[in-house]
Amino acid sequence: MSKQITIPFGPQHPVLPEPLHLDLVLEDEKVVDVIPTIGYVHRGLEKLVEKREYTEYVFIAERICGICSHIHGQTYVQGIEQIMGLEIPERAQYLRTIWSEYSRMHSHLLWLGLFADSMGFESVFMNSWRLREHILDDLEATTGGRVIQGVCKVGGVRKDISPEKLDEMVKGLRGIEHELQALMNVFLHDSSMQHRLKGIGVLSNDDAYYLGAVGPTARGSGIAIDLRETGYAAYGKINFKPVVEPDGDCYARCAVRAKELFTSIDIIEQCVKKIPDGPVDMKVTGAPDGEFLSRAEQPRGEVIHYIKGNGKKNLVRHRVRTPTFTNIPPLVTLLKGCELADVPVIVLSIDPCIGCAER
Amino acid sequence: MTYLAKSPWIIHYDASSCNGCDIEILACLTPMYDVERFGIINTGNPKHADIFVVTGSINEANREVIQNIYNQMSDPKVVVAVGICACSGGVFRECYNVAGGIDKLIPVDVYVPGCAARPESIIDGIVTALGVLEEKRNKHVRSPMVTDHGHTHHHRHAEGGAQ
Amino acid sequence: MMEPQQITPISIGEVVTKAEQAKKDGNRLVQIGCTKIGDDFEILYVFDKDYKLTNYRITVKQADEIPSISGVYFGAFVYENEIHDLYGIHVTGINIDFKGTFYKTAIKHPFSVTIVKEDDSCQNK
């Protein structure tokens, strides 16, 4: 038996745009144990509820993470609206759904690019991000922001989209669909991609479920958890099927995200067809008194905002459990037994979002 | 302009940023904005880098990491604080774990505001940094060695170096 | 509108048995979170099966020790270390116990105290 050595991975590491630190215990090239350390991005923003009123706090909620920004804002305001018993206009629900799906597409394309980069496919990285700019252009045209949109507010949304623009958005997405398809062919069918991904970092169905995996990490292991099925916002009126892959390896997790891009386009198209006319916000008075666990599907999986208010303008508690946080135990399990050279690919395969996880 | 300003290499570190500015920095490198055509390369090695791009504010855990990266870079070097959190702490300034802008710890040369900073502003900031870099090179400016708690002292060329 | 949610209060002694039962019933662990109300700390355990939540709450004092459920749900260690680091509540028997190094914070157990931060100037000049 060879001697064990521990090597540090991160916090400043070329493959990670964000700081995450792992102590990898190695025997030769095999990883036998992993100890994660977090806290490099911990701000303590949950405690800001003491200083910001619940309506202002939406801005903080959106800045939990710059990639999943819109859905954080949306989950937070949905929780507040639930506690206050607000029935917000239907058009606002549809708009939130459309922006959610745009966020998902931008996040998935971002991830696909980074993932390709972690395997050394530089031009695939560039192409993913080139297509992502199309999504960002639409987000910017409709909300004013590229990555942090700031459109959600308690009681509705801040911006409306004209019917012409909605049609144009769908046409634009259908227009880039063949390019997306070509890109996905690389991820799904290229032989060197398959060689790098198939059978690497396998998470069994049982492990994924009981270790708390969510989002594509769970769906890549055959577990159909997709919070959109609970029908929040306008999802209850939309037909879609969660993408599930059975194999549990890096390839399966990649395939889930790749295929979800097309589900998102479908959802946006359905929303545009069904969106009713009407106002996009309502007047809100009073303050939340009660507690609620608001849940939504982020690009990375289930996010939970626990909100507790006592009838004052400042909340008592806002706690966020982000998908990456609950995906850490599965990651630790995944890395045990892998080869050192596969570590970057496996770490990225859960789509870690450290900004989210540490808040 | 000399060779240096024609191919500046940057190193990026995410202090406690929310990712918004980080992905915009990456967006600068990709086809829409493509700063690589100016010879700008994002490197992972502090010793290769001329420009230190920091996003997010200082927190308890990354204090040392930022100091290490800064101290390891060779002169001349320029620090660009990208995004309002790196400039002043932004919306998170009142958080218990946020010590404030990057300039509380290391000298900052260029401030790029925005939440998130737009790619255009980031490129503008880097281009401004090139001017500062060139000036520092001409004047042989020696950067201070940064130690903990924001106190800086001049480690190298204490008596001779231009300040 | 989403369905209303129920939270069942339980005692510290019941935590592990309730978690075992939840796992036997096919639930996954969604989260463990803590809230400070006055001098009390409310710890909320949330389980989910087929999008249906089961919530249990214990109310403890900071000096109390709570048992870890990481023996039942391996992944519970992230939440339990978090509660220890941010609230200063001792959790016994965590499978991966970071002993207070999971989060490195400027203030010890920040969520258990009231923090007054001086309004300092934006720039260090």
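Summary table
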item	result
Span per principal axis, largest first, for the Cα atoms of segment A:8-102 (Å)	60, 32, 21
Residue among B:Tyr70, B:Tyr96, B:Tyr111 with the largest mean-square fluctuation in a Gaussian network model of chain B, springs linking Cα atoms under 10 Å	B:Tyr96
On Cα atoms only, tilt of C:15-24 relative to the major axis of chain C in degrees	50 degrees
Span per principal axis, largest first, for the Cα atoms of the protein assembly as shown (Å)	72, 62, 60
Total charge dipole magnitude, segment B:3-153, about the Cα centre, Cβ charges on Lys, Arg, Asp, Glu only, Debye to nearest 20	380 debye
Relative packing of peptides B:30-39, A:193-202 - highest average C-beta neighbours within 10 Å first	A:193-202, B:30-39
Between segment B:7-56 and segment C:46-66, the alpha-carbon center distance in angstrom	43 Å
10 Å Cβ neighbours from other chains, averaged over peptide A:325-332	4
Protein-only accessible surface order, largest first, of B:Lys104, A:Lys51 at 1.4 Å	A:Lys51, B:Lys104
Accessible surface of the protein assembly as shown, 1.4 Å probe, proportion on carbon and sulfur as whole %	51 percent
Fraction of beta bridges assigned by DSSP in the protein assembly as shown that are antiparallel (%, nearest 5)	70 percent
Rounded tilt (10° steps) of A:250-274 against the dominant C-alpha axis of chain A	20 degrees
Considering only segment B:3-153, percent of DSSP beta bridges that pair antiparallel, nearest 5	20 percent
Segment A:218-309: trypsin sites (Lys or Arg not before Pro) in DSSP coil with no more than 16 other Cβ atoms inside 10 Å	A:Lys283
Net charge, A:Met126 excluded, C-beta distance under 15 Å - Lys, Arg +1, Asp, Glu -1	-3
Around C:Asp64: net Lys/Arg minus Asp/Glu count, Cβ-Cβ under 15 Å	-3
DSSP-defined beta bridges in segment C:7-112 - what % are antiparallel, rounded to 5	75 percent
Shielding by partners - mean other protein chain Cβ count within 10 Å, residues of B:22-33	6
All Cα pairs of segment A:42-358, percent lying beyond 35 Å	19 percent
Two-site label geometry, B:Glu120 and A:Lys159: point separation in nm, points 7 Å out along Cα→Cβ	1.5 nm
Debye intensity ratio in log₁₀ form over the Cα atoms of chain B, taken at each q of 0.11, 0.13, 0.18, 0.21 Å⁻¹	-0.40, -0.57, -1.09, -1.42
Neighbourhood net charge (13 Å Cβ-Cβ; Lys/Arg +1, Asp/Glu -1) for B:Gly39	-1
Along each principal axis, Cα extent of segment A:184-284, largest first, Å	53, 32, 22
Label-to-label distance, nm, for residues given as B:Thr128 and A:Lys3 (7 Å Cα→Cβ offset)	5.2 nm
In degrees, nearest ten, helix A:69-84 long axis to first principal axis of chain A (Cα)	50 degrees
Per-residue average of Cβ from other chains inside 10 Å of B:42-55	1
Relative contact order, percent, chain A [alpha-carbon distance under 8 Å, six or more residues apart]	25 percent
Unit charges on C-beta of K, R, D, E only; dipole of segment A:42-358, Debye	820 debye
Distant alpha-carbon pairs in segment C:7-112 (separation over 20 angstrom), percent	35 percent
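The values are calculated or read from the model by the stated rules, or taken from the named source; none is laboratory data. Being a predicted model, the structure only gives us computed values, none of them experimental. We place every Cβ from the backbone using ideal geometry, glycine too, and count neighbours over all the protein chains shown. Keep in mind that these areas ignore ligands, DNA and RNA; they rest on the heavy atoms of the full protein, side chains included. Shrake-Rupley method; radii C 1.70, N 1.55, O 1.52, S 1.80 Å.
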